[in-house]
Amino acid sequence: MKFLFQILALIILGYLAQFILPWWTVILVAAIVGLSMEKSGLRAFLTGFLGIALLWAVFAFLANSQNEGILALRLEKLFKGMSPMSLILITALLGGLLGGMGSLTGNLGRKLFKPGIR
Amino acid sequence: MKWIKFLLALLLSAGLVYLLNSPIKQGKQTIPPLGKFLNPFSGFWKNGEAVGQHQNKSYQFSELSAKVDVVYDKQLVPHIFAQNLKDAYFVQGYITAKHRLWQMDLTTRAVSGRLSEILGPITLERDKLQRRKGLVFAAENALADWEKQAEDYSNLQSYTAGVNAYIKALQPRDYPLEFKLLNYSPEAWSNLKSALFIKSMAQSLCSREKDLESTNALTVFGQEVFDFLYPEQNPKQSPIIPKDTPWDFSPVSIPEQKPVLMGLFEHNPYPKPSPFLGSNNWAVAGSKTKSGKPILCNDPHLGMTLPAVWFELQISTPEANSYGVSLPGFPGITIGFNDKISWGMTNVGHDVLDYYKILWTDNKREQYIIDDQIKKVKFRIETYKIKGQESVTDTVRYTEWGPIVYEDKNHPMQDLATQWLAHDAGSNEVSVFRKLHTSVDFDDYYNAVQEFKVPPQNIVFAGNSGDIALKVQGKFPLKTFSQGRFIQDGSNSANDWHGYIPSAHNPQVKNPERGFVSSANQHSTDTTYPYYYLGNFEDYRGRTLNELLDSMSSITIEDMMALQNNNYSHKAADALPLMLRYLDWQPGNDLDEKVYSGLKDWDFHYEKDLLAPIVFTYWFDEFYQLTWDEISAKEDSLEIELLYPESWRTIALLEDNPEHSFFDNKETKALETAREMVTQSFLKALERIKEDLENDPDFNLAKYKRTHVPHIGRIEAFGSTLLSTGGDGTALNAIKGTHGPSWRMIVELSDPVKAYGVYPGGQSGNPGSPYYDNMLAYWADGKYFEKLLLKSPDELPDQILFEEQYDK
């Protein structure tokens, strides 16, 4: 339950932050959510990764389908064969990395002051 | 331990953000910062427009004096309804920026030598050349003139304010795609940038000259051979002003001046301006049309690009209602119509750029001599910001003639001063388009175009009262015979232009007996025109156009569409029968027979599925090269560049002097005539076409032409795919590779006015928009869209996609 709640928090806060702030602030959002996590570093990383990857994937996918793939197909030519789907995947992966690292950092920061499990 | 783990993670996170926010250099290419570019909130995904979703919007701007309504039709053409022109220009600026901001940025950077700021040292030499040619100098001069015209200047400022209102409201996520790819931000627009835009047109349209090649050719061959090879007037031409039109003015007289040869100009070949750009326009009188009302047509041929050269719009104010295409960066409608008149442009080929050899006092080159008087050079320091590097400066010497463009010792034009019409002051282009907007008849049109000075244009006119007219409009230097054909002595003030031809003496024609006026970049006049001019003129399209228009009657809009798409080539019709007559060869096999009979039966139309036009093109190329091998041999042995005869001259030689010694191949002992040249060149052409057919048995003209529309920043993925078209530079449908009709317009001045048009591209400059290239396929197929000159925003609600309100 907590896990789902954290993912949801990441998605909502991440969305809000990026809507008004520069794109990279998503890592700060993940750090804040990570700060509230009592789990292991690995769990924190995975949660952050999944949350932001999901957020980025869904928005990239929506943008692409509303655009009927016009732009992604042009970029496929530009990036020599990178298909629209792989562009979405890469986008998700990058978002995931940012989310994961942010969350992990926040989580490790928490442990400096509040010893959790391990 | 905990601290180390934490700090490590913190460091990694910061590093990750840094990495994803930095561009990646990969050889010559730079990949945009990945996180910045790919994130779906401000990266490229944001540039994909939602297809079929349009929203009505309203805006508020304190700059406006009243409410402006805009409706967009199905081709995304904005129809602007304003209470005055100033407000209309504000909204035109705003909307143009919204759809074409990056194009506007790139074009003005390119013309003013500021590409290196965004692309790095790779474009520095190009930038330097632009400024050395005085493009910024020219724009500054134009702007200084514009500032003196209060009403027009305030209109221009309003356009600039509109563009800037759009830029100011932009968030990084809204930046056009190319800004994101190249990782830079839009900067403010300025009045100077609009002036730069006009000078960019001048550079593409009126900076062609052959001074160096001509000087070398006269020096090497002597006067007699020179006159034989390079006559200025083609006897077969059909000039813009009909032959034998009387000149109803007494010409200004100027002192005679014999050209003095300034010697040979040696060393490295240098790049010349882009290939010949042409256009067609014509107007037929009501006596020749089915409706009894005049029809006006125009198709300016330019280097085609995506985003497209033109931006289409309607501007409606209480006093007038006009429609047409605009230059994205300049207020008003450049080519178009209102409910009373229509106007269009083609380029005038007159040579308005001349070179002068400077006599320096010493090799410091800070002082020079004109008429025994010592003059001081003015230095203009140009500073170049370069992406990723320190800025550099460059000094340009300005003489009384103009700037010294080339100082490189190896450049053949080293140390020559340039006198170019586009540097001159004295025009007010902004007023031209303001006045055309409200013109209701011939007098208004005539008055409006007076101020149009550079680049000179053949401005055609038709009005619903029945008048048709055409004026060769521009500021034309008064020149003595041959002046400006060769590099001139810059130490003698007598070689200066002798002022300008009075505008009333410019070639012009109104309601001629033949019932039509036309231009296709050919000579403005026959040889009776009392002023000397030379230049680049087209020899085939004008003849085709005049012959066809002469033969037509009861003309409909559909006839005019067919004429704009006509692929007949007078060049082929002139040359091919002669070449076939002298061909001494028999087909040896089926393929030979196929090629030969294809040529023999060809009707000289460059249709896309044919082979014959390719064979003819190869054959003529080879024949031309073989015929003028003397010239290329001289070029090689003397290490100079020489002038080559025009193609019509080559055809005339074949027709009139088939035994002439120029047909002799100097490398062989035998004495060759045209017969041998024609046959030898045919065999070479046959080889070439056979090779093509081996590679592709279905080879045809469309495949040979490879017509396509490239992206303006040469990003291949944002250009068009190959289009299947016919056409040729010598045909009215002048499609050649990436050049061609950049806007086809047909306007019938009936009541209400009927208009059709199409251009190779789309209204949006965004590669992620369905309107980026939606008209391209129609254009390639020769199809048109009906144009809507709306009387009010709610006249045709079912033709409207969405609306915008701009309020004060």
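The values are calculated or read from the model by the stated rules, or taken from the named source; none is laboratory data. Quantities reported herein were computed from a predicted structural model and do not represent experimental measurements. No Cβ is skipped: glycine too gets one built from the backbone with ideal geometry, and neighbour counts run over all protein chains shown.
For region B:168-178, the set of residues classified as surrounded by fewer than 21 Cβ atoms within 10 Å (Cβ to Cβ) and either more than 13 Å from chain A (Cβ to nearest Cβ) or outside any loop (DSSP other than H, G, I, E, B) (or both) consists of B:Lys168, B:Ala169, B:Leu170, B:Pro172, B:Arg173, B:Asp174, listed by residue number. Considering B:Glu635, B:Glu655, the condition of being within 30 Å of B:Phe516 (Cβ to Cβ), modelled with pLDDT under 95 and not hydroxyl-bearing (Ser, Thr, Tyr) is satisfied by B:Glu655 alone. With respect to being surrounded by fewer than 22 Cβ atoms within 10 Å (Cβ to Cβ), within 25 Å of B:Gln171 (Cα to Cα) and either acidic (Asp, Glu) or within 8 Å of chain B (Cβ to nearest Cβ) (or both), A:Phe19 fits the description. Checked against the criterion of being closer than 25 Å to B:Phe537 by Cβ and of a type in the set (Phe, Trp, Tyr), the candidates B:Tyr624, B:Tyr596, B:Tyr582 yield just one match: B:Tyr624. Which of (1) touching a helix residue (DSSP H, G or I) at 6+ places or on another chain (Cβ under 9 Å); (2) modelled with pLDDT under 95; (3) over 22 Å from B:Leu16 (Cα atoms) does A:Trp24 not meet, given it meets every other one? For A:Trp24, the failing item is (3). Looking across B:Lys74, B:Lys57, B:Lys67, B:Lys36, one residue alone is of a type outside the set (S, T, N, Q) and out of contact with any strand residue (DSSP E or B) (no Cβ under 9 Å at 6 or more places or on another chain). It is B:Lys36. Of the residues in region B:47-63, none is part of a strand (DSSP E or B), more than 29 Å from B:Ser154 (Cβ to Cβ) and either within 14 Å of another protein chain (Cβ to nearest Cβ) or without any contact (Cβ under 8 Å) to a residue 24 or more places away in the chain (or both).
Every condition in (1) surrounded by fewer than 19 Cβ atoms within 10 Å (Cβ to Cβ); (2) at the interface with another protein chain (Cβ under 8 Å from one of its Cβ atoms) is met by A:Ala31 except one, and the failing one is (1). Looking only at region B:593-644, residues that are farther than 17 Å from B:Asn567 by Cα and not aromatic (Phe, Trp, Tyr) come to 25 in all. Of the residues making up region B:119-153, those that are crowded, with 21+ Cβ neighbours inside 10 Å and part of a loop (DSSP other than H, G, I, E, B) are B:Lys133, B:Gly134.
Residues that are touching a helix residue (DSSP H, G or I) at 6+ places or on another chain (Cβ under 9 Å), away from chain A (no Cβ under 14 Å) and basic (Lys, Arg): does region B:64-78 have at least one? Yes, that holds for at least one residue.
Is there a residue being surrounded by fewer than 16 Cβ atoms within 10 Å (Cβ to Cβ) and assigned to a loop (DSSP other than H, G, I, E, B) anywhere in region B:640-656? For region B:640-656, residues surrounded by fewer than 16 Cβ atoms within 10 Å (Cβ to Cβ) and assigned to a loop (DSSP other than H, G, I, E, B): absent. If B:Asp339 satisfies every condition in (1) buried (at least 21 other Cβ atoms within 10 Å of the Cβ); (2) under 30 Å from B:Pro741 (Cα atoms) but one, which is the exception? Among (1) buried (at least 21 other Cβ atoms within 10 Å of the Cβ); (2) under 30 Å from B:Pro741 (Cα atoms), the lone unmet condition for B:Asp339 is (1).
Of A:Ser65, A:Ser103, all but one fail to be small (Gly, Ala, Ser), assigned to a helix (DSSP H, G or I) and without any contact (Cβ under 8 Å) to a residue 12 or more places away in the chain; the exception is A:Ser65.
Against the numbered list (1) closer than 25 Å to B:Val352 by Cα; (2) in a helix (DSSP H, G or I); (3) polar (S, T, N, Q); (4) modelled with pLDDT under 95, B:Thr108 comes up short only at (4).
For region B:311-336, a residue qualifies if it is surrounded by fewer than 24 Cβ atoms within 10 Å (Cβ to Cβ) and within 24 Å of B:Asp559 (Cβ to Cβ), and exactly one does: B:Val325. Region B:694-808 holds strands (runs of 3 or more DSSP E) entirely within its bounds, and those carrying 1 or more residues that are over 23 Å from the mean Cα position of the chain (by Cα) and surrounded by fewer than 17 Cβ atoms within 10 Å (Cβ to Cβ) map to B:800-807.
In summary, B:Arg100 fulfils each of the numbered conditions (1) touching a strand residue (DSSP E or B) at 6+ places or on another chain (Cβ under 9 Å); (2) of a type outside the set (Gly, Ala, Ser); (3) within 8 Å of another protein chain (Cβ to nearest Cβ) with the single exception of condition (3). Look at region B:783-800: where a residue is closer than 25 Å to B:Glu558 by Cβ and a partner is aromatic (Phe, Trp, Tyr) and surrounded by fewer than 17 Cβ atoms within 10 Å (Cβ to Cβ), sitting 6+ places away or on another chain with Cβ atoms under 8 Å, you get B:Tyr784/B:Tyr778; B:Phe785/B:Tyr778.
Based on what the data block shows, is B:Ser769 under 26 Å from B:Gly52 (Cα atoms), in contact (Cβ under 8 Å) with a residue 12 or more places away in the chain and among the hydroxyl-bearing types (Ser, Thr, Tyr)? Yes, satisfied. Scanning region A:53-83 for residues that are more than 10 Å from chain B (Cβ to nearest Cβ) and crowded, with 20+ Cβ neighbours inside 10 Å turns up just one, A:Ala53. Taking the numbered list (1) at pLDDT below 90; (2) facing chain B (nearest Cβ under 9 Å) in turn, A:Leu4 passes all entries but (2). Here B:Tyr94 clears all of (1) surrounded by fewer than 23 Cβ atoms within 10 Å (Cβ to Cβ); (2) more than 14 Å from every other protein chain (Cβ to nearest Cβ) except the condition numbered (1).
Condition (residue is farther than 30 Å from B:Ile404 by Cα and assigned to a loop (DSSP other than H, G, I, E, B)) applied to region B:83-102: is it met by at least one residue? Yes, that holds for at least one residue.
All of (1) in a helix (DSSP H, G or I); (2) more than 9 Å from chain B (Cβ to nearest Cβ); (3) touching a residue at least 24 places away in the same chain (Cβ under 8 Å) hold for A:Leu42 with one exception: (3).
In region B:535-563, the residues that are surrounded by 19 or more Cβ atoms within 10 Å (Cβ to Cβ) reach residues that are in a helix (DSSP H, G or I) and hydrophobic (A, V, I, L, M, F, W, C) with C-beta atoms within less than 6 angstrom, at least six apart or across chains, in these pairs: B:Asp539/B:Trp648. A residue that is farther than 22 Å from B:Asp603 by Cα, aromatic (Phe, Trp, Tyr) and within 14 Å of chain A (Cβ to nearest Cβ) occurs somewhere in region B:718-730. Looking at B:Gly263, B:Gly222, just one residue is surrounded by fewer than 19 Cβ atoms within 10 Å (Cβ to Cβ) and in a helix (DSSP H, G or I), and that residue is B:Gly222. Tell me, which residue of region B:1-42 that is of a type in the set (Gly, Ala, Ser) and at the interface with another protein chain (Cβ under 7 Å from one of its Cβ atoms) is nearest to the chain's Cα centre (by Cα)? For region B:1-42, the residue satisfying everything is B:Ser42.
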